[in-house]
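Here, each number is a calculation from the coordinates, and none is a lab measurement. From a predicted model like this one, the values you see are computed outputs, not experimental measurements. Note: ideal-geometry Cβ built from the backbone for every residue, glycine included; neighbour counts use all protein chains shown.
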Amino acid sequence: MTKTKPILRWPGGKRRLLPKILPLITPHVCYVESFAGGLAVLLAKERSNTEVINDINGDLIALYRNVQYHLPELLREIDFALGSRKGLKDFMAQPGLTEIQRAARFLIRNKTSFGGNMDSFAVSRKNGGGGFSRESNTALLGEAHKRLDRVTIESLPYERCMDLYDSKDTFHFFDPPYLGSKIKAYDGWTEAQMCAFRKRLDKLQGNWVLTVDGSDFNRELFKDFRIEAVSSKNQSVNVRTHGEQRFKEFIITPK
């Protein structure tokens, strides 16, 4: 199966960790992502009998719904899009009136912002700079449209999603917000939220893989499970200003 590429630049996305994550997905009937984000894992894995993605970010879910059900209209909306600082600021001020328009402007903001942070214009001397390529995005959206066929798209609190779809034949991939993160695209979790999530893992019937930031707090909190420490390039900093930085993460699985 050809891997479908993510349509978004999503902070904390798992595209670089796919070689480590995909082999950990055990046989299952139902596959669930309670924190959908950029969908790197779902788009890369083999199809399952039942697949569910969920996120409380309404704009994110609206984009995926429109890719799934209204692709021609979405493509028409981005047909005359330009990658510009003014366009990014305009779409921040007016995110759109219809759902399709909002989905298109959300996509354009994501693709023209630095690291997908949604509000800082991407400046680059190579790779097209901060421009918006209709040709490449049309191709990405078309492939995502095919891959999202038959995928159930939810917008629920993660607890509800876990309860609805968990079973002994379910496999969960969890990528919750980073602890105390300052990422602009979404709010980081508190230690209390991470603790509450940890307690729910013991109640699951299905198997799972979890990725979290590599903090000392998380190492202690998840010490009863198998922890693999990994690092990836931090896409949320300006390399010219700060130099290349590595971001530490944990890939956690049951023992």
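Residue by residue, the stretch 146-151 carries 3J(HN,Hα) couplings of 5, 5, 7, 4, 6, 7 Hz when phi is fed to the Karplus relation 6.51 cos²θ - 1.76 cosθ + 1.60 (θ = phi - 60°); x denotes Gly or Pro.
Measuring nothing but how far apart in sequence close Cα pairs (under 8 Å, 6+ apart) lie, relative to its length, the stretch 165-223 scores a relative contact order of 45 percent. Listed peptides 35-43, 80-88, 166-174 appear in the order 35-43, 166-174, 80-88 once ranked by packing, highest mean of other Cβ atoms within 10 Å at the front.
Residues with beta-carbon under 14 Å from that of residue 151, excluding residue 151: net charge, scoring Lys, Arg +1 and Asp, Glu -1? Here the charged neighbours net out to -1. With each label modelled as a point 7 angstrom along the Cα→C-beta vector, the residue 47-residue 150 pair spans 0.5 nm. Too long at a 23 Å Cα-Cα cut-off: which of 146/248; 111/248; 199/255; 126/146; 86/146? Going by Cα-Cα distance, 146/248; 111/248; 126/146; 86/146 fall outside the 23 Å limit.
Averaging the sequence gap over all C-alpha pairs within less than 8 Å and six or more residues apart, then dividing by the number of residues, gives the chain a relative contact order of 22 percent. Looking at the chain alone, DSSP beta bridges between its own residues are antiparallel in about 45 percent of cases. If R0 equals 30 Å, the separation of the Cβ atoms of residue 79 and residue 187 corresponds to a calculated FRET efficiency of about 0.35. Once the Cα-Cα distance is subtracted from the 0.36 nm per residue extended length, the residue 159 to residue 123 segment shows a gain of 9.1 nm.
Net charge around residue 29, counting only other residues with Cβ within less than 15 Å of its Cβ (Lys, Arg = +1; Asp, Glu = -1)? Residues near residue 29 contribute 0 overall. How much net charge surrounds residue 104 when only the other residues with a Cβ under 12 Å from the Cβ of residue 104 are counted, with Lys and Arg +1 and Asp and Glu -1? Result for the neighbourhood of residue 104: +1. Between residue 226 and residue 139, the modelled labels are 3.7 nm apart [label points 7 Å from Cα along Cα→Cβ]. For residue 247, nonlocal amide neighbours, meaning residues 5 or more places apart or on other chains whose placed amide H falls under 5 Å from its own, are 232, 233, 234. Taking the chain as a Gaussian network of alpha-carbon nodes connected by springs under 10 Å, the highest mean-square fluctuation of the residues 164, 107, 18 belongs to 164. Pairwise Cα separations in the chain fall into 10 Å bins from 0 onward with the following percentages, short to long: 7, 30, 36, 22, 6, 0.
Taking Cα centre as origin and charging only the Cβ of basic (Lys, Arg, +1) and acidic (Asp, Glu, -1) residues, the dipole magnitude of the stretch 81-224 rounds to 740 debye.
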